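These notes concern the structure reproduced below.
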Amino acid sequence: DLQVGSFVLVPFGRRRLAGWVTGFTDDPPDVRIRPVDELLVDEPVFDERGLALARWIAEHYMSPLRDALRCLLPPGAGRDTQTWVAAECGAAEGASQLHRAPRQLQVFEALVSAGEALELDELVVTLQERDASANRSTIMSAVRSLEERGLVCVRRTLASPSVRERRQQIARLAGRRDWAQVADRLQSRAPRQAETILELQAAEDGLLVAELHRSAVNALAEKGLVKITEEPVRRRPEGAGLEGQAEEFLTLTEHQRCALEQIDEALRRREYHGLLLHGVTGSGKTEVYLHAIASALRQGRGAVVLVPEIALTPQMVGRFRARFGERLALLHSALSAGERYDEWMRVQRGEADLVVGARSAIFAPLDEIGVIVIDEEHERAYKQDSPPRYHAVEVARRRAKQHAAVLIMGSATPSLESYHQARDPECDIALCELPERIDSRPLPEVEIIDLRGETLMGRGGTFSQRLLDALDGVFARREQAMLFLNRRGYSTFVICKSCGFTLNCEDCSVSLIYHHQSREMRCHHCDFAVPVPAVCPSCGSEDIGFHGLGTERVADQIAREFEGVRVLRMDRDTTGGKGAYARILQEFARRQADVLIGTQMIAKGHDFPDVTLVGVLNADTGLNRPDFRASEHTFQLLTQVAGRAGRADKPGRVLVQTYNPEHPAITNASRHDYESFYSYELAKRRENMYPPFARLVNLTISDEDADRALGIARRIAYELQERGVRHKRGRVQFVGPAQAPLARLRGRYRYHLLLKGESSGELRAALAAVLDALGDEAEAVTVDVDPLDMM
Ligand code: ADP
Ligand code: ZN
Ligand code: ZN
């Protein structure tokens, strides 16, 4: 019965441990072999292809195979197993065999009346309600005897997340009768019962008892006219889509058709094909995805669509639902554990063959995949920041190859690495451009506002005159505006004007951020918070000032500046509750607000026809981060934000405030010039040996003791040199160790060390040997292969 993916119990020393079968050998190693104790679940948990994927992840990202395999398990499933028992035949047949075995008969009858498989615990509870003398072991032995007689079947599965299945009572009319006549007879004595009968008659498949008149239903049930059953509630995620989604497939433009032809051709030939779909926002990428998915589904193959953060893209989910309906399963972390498990199981059972989800949806249990779409492929959210630290785009590429499927990576601002590959004819990703917006709608005009001039004129911080005038115009014309600032909270930090003291987090090396509403100073890394001090904690001065700008303060200033203007704010502080994103976006789409202020959350693909002005309050927040991708991120973010303006028939205007008006990231974004930015940035990367010209591995060494952390970091440098990896020189080299930009986090001191090389294989080989040599000290080290977060 053992297969690859079987979940088994094996003896390990004196203990018994659960594990997965990862292969078989005819050539056993020279150690004592012990037999497997038990097969824990009937069906294998993953297959050969899943295993191969997990092996690749474990090797490439240097994480234990166990962690990689966990990606393939049903979400929320623990290592526990569940036993399900179901009756195999009707009551009569069982009774005829069981008149001498009362316990078995009792168990069998409970199963027959349940009408579905019962989990063993559930069965025990049910029986104990009827007969207090029943206990688990007698019931279990009865089940075994019943199984031998062929009256019940027993299935063992991995346990679902520990949420109790929600159940509801459904009322249905019992049997076939002339119900109108029955109602008629009841009418005079019991009008409510008559009414209930008519309601049930009109309903196709029963009604919720909770929605009917309680005592009337109960009375009818007692008379045997109505049958009440308990049924599990299907936990389906809410359709978070905004209204007004087109259900028809649109006739493609010439550029779109060109992309689709490539896709269809590869699907027909059942060959892997990778495609980078580079098109500005509104150029029709999503419509291409929809057509490609339809092609794959027509072939009887499934499809996976990854989006960076699903809660931020309700419109897109709405469009997919409108076209594909129930075939779609949603998989993302904002769902409850039960919802996620149910959706995953729908995919595994083959009830859904289109999966839309965040990063981990790339592991969805589809048998056959025709198309994998990765929208906004440049987004950092695709990199997992806990073990295994995989990049979903790379995993997608492997998986697409395994299934001979088409991989479509879409973006208006592809990552430098992807674009570089797509331009290389040797590489397995082709480039496909959608150079225009649909209907040749113009891209919005972007104006750069030099804040240096503004400051010289003595205007303080938030709004330049030009932005204020533009906002005035928008509100006067009853249009809408979006204001973007990549920092939440009220102001960034508090500083004492007498002694210069700033308030820092106790556990992290960052200053605390002032939050006006809660009157707190909060750490954005660990959520440490203290009340706002009334006097300087250092010198006692009352002269305390708030510096810098956050979304909360901008909202405040708009409300003060423009009387009667309705303001909405969207950032991590206002989107805590379930469905909060969708609610805010919906309110804005319904024109219940005039201006939406937010962090990068509002930069994503929302389509608001009445937005004619987008203001970027400070384009520089990300530019000065100690990260070689800082320019790239700024360019991507500005391009994306600018794309929010003028999506419908009204032209859009974008105003960008900056202290760096000549920076190529800002000037090129303002001209929507990806190519120029790409050449500029590529040259810098080549010069400094950064991706795409090198592979990186980032090591972070952290410890509560700063000296110990530094000591380990130095030892790593030494061990690397011993193995021929040199400091800042050669094919394989390292930089550091140095204090990490975030020098202290949650009470741990952090150092880092960056490995660079042409091939990540060489880097990994050297590193594996070093980590081995470190022994226990390796526990202080976090290894991030192909890192995106350099902090
Ligand atoms: P992107 O994903 O690149 O932002 P979309 O696919 O969302 O672009 O298309 C932008 C807008 O143009 C949408 O409103 C969409 O309905 C519309 N659209 C896309 N393709 C076509 C087409 N072939 N004909 C007409 N309208 C289209
Ligand atoms: Zn002070
Ligand atoms: Zn902190």
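The values are calculated or read from the model by the stated rules, or taken from the named source; none is laboratory data. Predicted model only: the values in this text are computed from it and were never measured. Quick reminder, even Gly has a Cβ in these numbers, built from the backbone with ideal geometry, and neighbours come from all protein chains shown.
Going by the structure shown, is Leu146 surrounded by 12 or more Cβ atoms within 10 Å (Cβ to Cβ), in contact with a helix residue (DSSP H, G or I) (Cβ under 7 Å, 6 or more places away or on another chain) and closer than 20 Å to Gln82 by Cβ? Break it down into steps so the answer makes sense when it comes.
Numbers: surrounded by 12 or more Cβ atoms within 10 Å (Cβ to Cβ): yes; in contact with a helix residue (DSSP H, G or I) (Cβ under 7 Å, 6 or more places away or on another chain): yes; closer than 20 Å to Gln82 by Cβ: yes.
Answer is yes for this residue.
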Legend entry - Condition check for Ala593: touching a helix residue (DSSP H, G or I) at 6+ places or on another chain (Cβ under 9 Å), in contact (Cβ under 8 Å) with a residue 60 or more places away in the chain and not in a helix (DSSP H, G or I): yes
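Given the range 683-791, what strands (runs of 3 or more DSSP E) lie entirely inside it while holding 1 or more residues that are touching a residue at least 60 places away in the same chain (Cβ under 8 Å) and of a type in the set (Ser, Thr, Tyr)?
On the way: elements: 695-703, 732-745, 748-757, 781-785.
Because the criterion is at least 1 residues that are touching a residue at least 60 places away in the same chain (Cβ under 8 Å) and of a type in the set (Ser, Thr, Tyr), the strands (runs of 3 or more DSSP E) in the range 683-791 that meet it are 695-703, 781-785.
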Legend entry - Complete set of residues in the range 664-682 that are in a helix (DSSP H, G or I) and without any contact (Cβ under 8 Å) to a residue 60 or more places away in the chain: Pro664, Ala665, Asn668, Glu675, Ser676, Phe677, Ser679, Tyr680
Legend entry - Selection within the range 348-357 - surrounded by fewer than 23 Cβ atoms within 10 Å (Cβ to Cβ) and either touching a His at 6+ places or on another chain (Cβ under 6 Å) or at negative phi (or both): Gln348, Arg349, Glu351
Legend entry - Odd one out for Val725, checked against (1) buried (at least 20 other Cβ atoms within 10 Å of the Cβ); (2) in contact with a Leu (Cβ under 6 Å, 6 or more places away or on another chain): (2)
Inset, instruction - Could you check Ser415 against (1) away from ligand 1 (no atom under 16 Å from the Cβ); (2) touching a His at 6+ places or on another chain (Cβ under 6 Å); (3) over 30 Å from Asn618 (Cβ atoms) and say which number it fails? - result: (3)
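Quick grid of which residues meet (1) in contact with a Lys or Arg (Cβ under 7 Å, 6 or more places away or on another chain); (2) under 19 Å from Arg487 (Cα atoms):
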{"residue": "Arg553", "(1), (2)": "no, yes"}
{"residue": "Asp571", "(1), (2)": "yes, yes"}
{"residue": "Arg591", "(1), (2)": "no, no"}
{"residue": "Ile602", "(1), (2)": "no, yes"}
{"residue": "Asp610", "(1), (2)": "yes, no"}
{"residue": "Gly622", "(1), (2)": "no, yes"}
{"residue": "Arg625", "(1), (2)": "no, yes"}
{"residue": "Thr634", "(1), (2)": "no, yes"}
{"residue": "Gly643", "(1), (2)": "no, no"}
Inset, instruction - Could you please give the count of residues in the range 345-375 that are of a type outside the set (A, V, I, L, M, F, W, C) and under 8 Å from Leu306 (Cβ atoms)? - result: 3
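Tally the residues that are among the polar types (S, T, N, Q) and touching a residue at least 40 places away in the same chain (Cβ under 8 Å), restricting the search to the range 104-150. Let's see the steps before the verdict.
To start, the set of residues in the range 104-150 that are among the polar types (S, T, N, Q) comprises 104, 106, 113, 126, 128, 133, 135, 137-138, 141, 145.
In the following step, the residues that additionally are touching a residue at least 40 places away in the same chain (Cβ under 8 Å) were identified as 104, 145.
Adding up the residues that qualify gives 2.
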Legend entry - Residue within the range 566-584 that is over 24 Å from Glu309 (Cα atoms) and either of a type in the set (Lys, Arg) or in contact (Cβ under 8 Å) with a residue 40 or more places away in the chain (or both) present: yes
Inset, instruction - Considering every residue within the range 760-777, establish whether at least one is buried (at least 21 other Cβ atoms within 10 Å of the Cβ), more than 15 Å from Met62 (Cα to Cα) and not aromatic (Phe, Trp, Tyr). - result: no
Inset, instruction - List the number of the failed condition for Thr81; all other conditions in (1) surrounded by 13 or more Cβ atoms within 10 Å (Cβ to Cβ); (2) without any contact (Cβ under 8 Å) to a residue 12 or more places away in the chain; (3) among the β-branched types (Val, Ile, Thr) hold. - result: (2)
Inset, instruction - Kindly list, by first and then second residue, each pair from a residue in the range 413-428 that is at positive phi and in contact (Cβ under 8 Å) with a residue 60 or more places away in the chain to a residue that is surrounded by fewer than 20 Cβ atoms within 10 Å (Cβ to Cβ) and not aliphatic (A, V, I, L, M), limited to pairs with Cβ atoms under 8 Å and residues at least 6 apart or on different chains. - result: none
Legend entry - Subset of the range 25-42 [modelled with pLDDT of 85 or more and either touching a Lys or Arg at 6+ places or on another chain (Cβ under 6 Å) or acidic (Asp, Glu) (or both)]: Asp26, Asp27, Asp30, Asp37, Glu38
Inset, instruction - Could you tell me which numbered condition Glu48 fails, if it satisfies all but one of (1) under 24 Å from Leu366 (Cα atoms); (2) more than 26 Å from the chain's Cα centre (by Cα)? - result: (2)
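Report yes if Ala101 is closer than 30 Å to Asn135 by Cβ, out of contact with any Leu (no Cβ under 8 Å at 6 or more places or on another chain) and surrounded by 14 or more Cβ atoms within 10 Å (Cβ to Cβ), otherwise no. So that I can check it myself, show each step before the final result.
On the way: closer than 30 Å to Asn135 by Cβ: yes; out of contact with any Leu (no Cβ under 8 Å at 6 or more places or on another chain): yes; surrounded by 14 or more Cβ atoms within 10 Å (Cβ to Cβ): yes.
So Ala101 passes the test.
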Inset, instruction - Determine which single condition Arg380 fails, assuming it passes every other condition in (1) at pLDDT 95 or above; (2) surrounded by fewer than 24 Cβ atoms within 10 Å (Cβ to Cβ). - result: (1)
Legend entry - the range 519-549, residues that are more than 16 Å from ligand 2 (Cβ to nearest atom), exposed (fewer than 15 other Cβ atoms within 10 Å of the Cβ) and closer than 22 Å to Ile597 by Cα: Arg519
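Any idea how many residues of the range 298-339 are at pLDDT 85 or above, of a type outside the set (Asp, Glu) and farther than 24 Å from Ser411 by Cα? Walk me through how you get there before you give the answer.
So in the range 298-339, the residues at pLDDT 85 or above come out as 298-308, 319-331.
Keeping just the survivors that are of a type outside the set (Asp, Glu) gives 298-308, 319-325, 327-331.
Now restrict to residues that are farther than 24 Å from Ser411 by Cα: 298-301, 325, 327.
Residues flagged as at pLDDT 85 or above, of a type outside the set (Asp, Glu) and farther than 24 Å from Ser411 by Cα within the range 298-339 amount to 6.
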Inset, instruction - Scan the range 48-61 and give yes if some residue there is in a loop (DSSP other than H, G, I, E, B), touching a Pro at 6+ places or on another chain (Cβ under 8 Å), within 20 Å of Gln3 (Cα to Cα) and modelled with pLDDT of 90 or more, otherwise no. - result: no
Inset, instruction - Of the numbered conditions (1) more than 26 Å from the chain's Cα centre (by Cα); (2) modelled with pLDDT of 90 or more, Glu231 fails exactly one; give the number of that condition. - result: (2)
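Does Gln262 satisfy the criteria of being under 29 Å from Ala405 (Cα atoms), surrounded by 14 or more Cβ atoms within 10 Å (Cβ to Cβ), modelled with pLDDT of 85 or more and in contact with a helix residue (DSSP H, G or I) (Cβ under 8 Å, 6 or more places away or on another chain)? Give the derivation first.
On the way: under 29 Å from Ala405 (Cα atoms): yes; surrounded by 14 or more Cβ atoms within 10 Å (Cβ to Cβ): yes; modelled with pLDDT of 85 or more: yes; in contact with a helix residue (DSSP H, G or I) (Cβ under 8 Å, 6 or more places away or on another chain): no.
For Gln262, the condition - under 29 Å from Ala405 (Cα atoms), surrounded by 14 or more Cβ atoms within 10 Å (Cβ to Cβ), modelled with pLDDT of 85 or more and in contact with a helix residue (DSSP H, G or I) (Cβ under 8 Å, 6 or more places away or on another chain) - is not met.
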Inset, instruction - Looking only at the range 25-42, decide whether some residue is surrounded by 13 or more Cβ atoms within 10 Å (Cβ to Cβ), of a type in the set (S, T, N, Q) and either at negative phi or out of contact with any Ser or Thr (no Cβ under 9 Å at 6 or more places or on another chain) (or both). - result: no
